[in-house]
Amino acid sequence: MASSPRGAASRRWFLKGLAASGAAALYAPRVRGQQPAHVVVVGGGFAGASCARTLKRLGPELAVTLIEPSLRFTACPFSNPVIAGLREMDAQQFGYDALRRDGVAVVSQAAVAVDAESRHVTIADGTVFSYQRLVMAPGIDLRFDATPGYDAVAAEAMPHAWKAGAQTLLLRRQLEAMDDGGVVVMSVPASPYRCPPGPYERASLIAHYLKTHKPRSKLIVLDAKDRFSKQGLFEAAWQSLYPGLLEWVSLSFGGQVTEVQPASMMLVTDFARHRADVANVIPPQRAGAIATAAGVADQTGWCPIDPVTFESRLQPGIHVIGDAAIAGAMPKSAFAADSQAKVCAAVIVDLLRDQVPSAQKLVNTCYSLVAPDYGISVAGVYHPRGGLLAEVEGAGGTSPADAGPAFRLQEARYAEAWFDTITTAVFG
Ligand code: FAD
């Protein structure tokens, strides 16, 4: 395959080493005269794909390799409308041909090991890549050890749908199969987790589906928090759009799920037991497993970074971006991942050219759909301060509380336009 290290495009850059002796193959950039610096990116989601592409644009002299096992990326933003039957899955999927055209060597395998000291990455077939700089962007893994009763098998009965793909479609099919009058129960974790407003957008769109298709049904949202992103805007919308249909139970009122029993479709809290006809359990999360293997995740499961360079605080030469990173006040979003990717790429180009990178400001905007024609948003600007990425005070904000239907409709259209723009910029 053209994208594998054995492919023609990649052969220019990589030298097969020790395979004949039965040992792992060693690939390293080799050209006449001065060798180009080699940057390896692990993970081809919003953060990794954007970073690989930007590296090649800002530093055309670099050899850039993207390691990503999936042939096509499935985006989580706008996967909630898929669950609610408002959108199809193929609108969520993107390939890597544009990155190849930009000169990025795309290797369609998983990274399985990182040796930070000798600066090598090993992929599933045993091939080893050397690097001058490594970017880790593996996104999240679900913590199947966090909630008693909830593991990968339980997720087939009670889908999380927090990594878009088969789980998204499973939850949609379960909602479609449920009788009118059924009870849907969602479980939402404590922070930090991928996409702070995502569970509430999902609750809104499931409520919209029930209202329009199964109006005698009910949705209960069990939350391990008392406060959440864009709360005032969501709650006002729920009151006007879904009265009596959607019930949010906060931590203080017994919202934290302490155990699930998939065989009886039961979600257990300290206060009550909730039997569900359809259960969506969003478990706690951590950085993708390869981050731990590389030694860049700390005891929290997430990756501490320098807020100017995104270089790991635990392993020099490795930068961590996207959901996996501890990015201070910046939320774990695709918008933030793309912002971080661009800054990180510029930093790496500077470092490889022996220049000192300067501190940058980063931006995030998160749109949420409360109904197909009703959008709300929150925006923020962030800068390095006190060793973290802190919010620039007064620079962000949310949609106005008192906006009318035309404004909400416009924000829903902005949300769609944002998704088209970011996916075209990263994958198109
Ligand atoms: P990902 O996009 O998950 O990419 C990680 C990649 O790393 C994956 O392709 C994976 O295959 C790869 N990988 C993992 N391990 C390895 C390995 N060992 N070797 C090689 N590759 C590996 N964000 C927004 O900005 N706006 C929204 O409206 C929005 N809505 C959302 C709705 C939902 C329901 C959810 C769940 C999330 C939403 N998000 C939204 C959040 C957004 O999806 C994430 O923040 C974003 O995907 C993070 O990008 P990432 O590159 O860090 O991780």
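Bear in mind that the values in this text are calculations on the coordinates, not laboratory data. Everything quoted here is computed from the prediction, not taken from an experiment. Note that each Cβ is placed from the backbone with ideal geometry, even for glycine, and that neighbours are counted across all protein chains shown.
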In Å, descending, principal axis extents of the Cα set of the chain: 72, 48, 37
Over 21 Å between alpha carbons, listed pairs 225/332; 230/342; 56/332; 56/342: 230/342; 56/332
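Based on the alpha-carbon gyration tensor of segment 156-281 and its eigenvalue square roots a ≥ b ≥ c, which shape applies: rounded if a/c is under 1.5, prolate if not and a/b is larger than b/c, or oblate? Spell out each step's value before the answer.
Numbers: a/c = 1.26, a/b = 1.06, b/c = 1.18.
It comes out rounded by the Cα gyration axes.
Helix hunt in the chain: which complete DSSP H runs extend at least 24 Å axially by C-alpha with mean Kyte-Doolittle at least 1.0? Walk me through the numbers on the way to the answer.
Working: long enough: 334-352 (27 Å, 1.35); 405-427 (33 Å, 0.04).
Span-like helices here: 334-352.
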Loop sites in segment 230-326: trypsin sites (Lys or Arg not before Pro), DSSP, at most 14 other Cβ within 10 Å: 313
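In cubic angstrom, how much convex hull volume per residue do the alpha carbon atoms of segment 45-153 span? Present the calculation step by step, with values, prior to reporting the outcome.
Numbers: hull volume 16.1 nm³, N = 109.
Measuring per residue, one finds 148 Å³ for the Cα hull of segment 45-153.
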Most positive-pole-ward Cα, 104, 51, 280, against dipole of the chain from beta carbon charges: 104
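Taking the Cβ-Cβ separation of residue 298 and residue 216 as r and a Förster radius of 56 Å, what is the calculated FRET efficiency to the nearest 0.05?
Here the calculated transfer efficiency is 0.70.
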Nearest-20 debye value, segment 212-321 charge dipole, Cβ charges on Lys, Arg, Asp, Glu: 400
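For a quick check of your reading of the filter: which trypsin sites (Lys or Arg not before Pro) in segment 316-424 sit in a DSSP loop and have no more than 15 other Cβ atoms within 10 Å?
Numbers: sites: 332, 342, 353, 361, 385, 408, 413; in loops: 332, 353, 361.
Counting only loop positions with at most 15 other Cβ atoms within 10 Å, the trypsin sites (Lys or Arg not before Pro) in segment 316-424 are 353, 361.
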Segment 69-78 - phi-based ³J(HN,Hα) in whole Hz, Karplus 6.51/-1.76/1.60, Gly and Pro as x: x, 7, 6, 10, 8, 10, 7, 6, x, 6
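Given an 8 Å cut-off on Cα distances and at least 6 residues of separation, report the relative contact order of the chain as a percent.
RCO, the chain: 17 percent.
Excluding residue 58 itself, what net charge comes from residues whose Cβ is under 11 Å from its Cβ, given Lys and Arg +1 and Asp and Glu -1?
On the way: positive: 53, 56, 57, 342, 353; negative: 61, 350.
Net charge in that neighbourhood comes out at +3.
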Table column - 3J(HN,Hα) (Hz), segment 137-144, Karplus curve with 6.51, -1.76, 1.60, x for Gly and Pro: 9, x, x, 10, 10, 7, 8, 7
Leading residue at positive end of dipole, the chain (Cβ point charges), from 95, 256, 415: 95
Farthest positive-ward along segment 174-225 dipole, Cα basis, beta-carbon charges - from 213, 200, 184: 200
In sequence order, calculated HN-Hα J values of segment 258-267 (Karplus, 6.51, -1.76, 1.60; Hz; x Gly/Pro): 9, 6, 10, 10, x, 4, 9, 6, 10, 10
Antiparallel %, DSSP beta bridges [both residues in the chain], to 5: 50
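Find me the longest stretch of the chain that has none of the exposed GluC sites (Glu not before Pro), where exposed means in a DSSP loop (not H, G, I, E or B) with at most 16 other Cβ atoms within 10 Å. Each step should come with its number before you reach the end.
Values: sites that count: 61, 88, 117, 393.
Between the exposed loop sites, the longest stretch runs 118-392.
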For residue 292, net neighbour charge (Lys/Arg +1, Asp/Glu -1) across residues whose Cβ lies under 10 Å away: -1
Residue among 155, 329, 105 with the largest mean-square fluctuation in a Gaussian network model of the chain, springs linking Cα atoms under 10 Å: 329
Residue of 258, 74, 122 that the Gaussian network model of the chain assigns the largest fluctuation, springs spanning Cα pairs under 10 Å: 258
Of 159, 148, 307, the one that fluctuates the most in a GNM where the chain has Cα springs shorter than 10 Å: 148
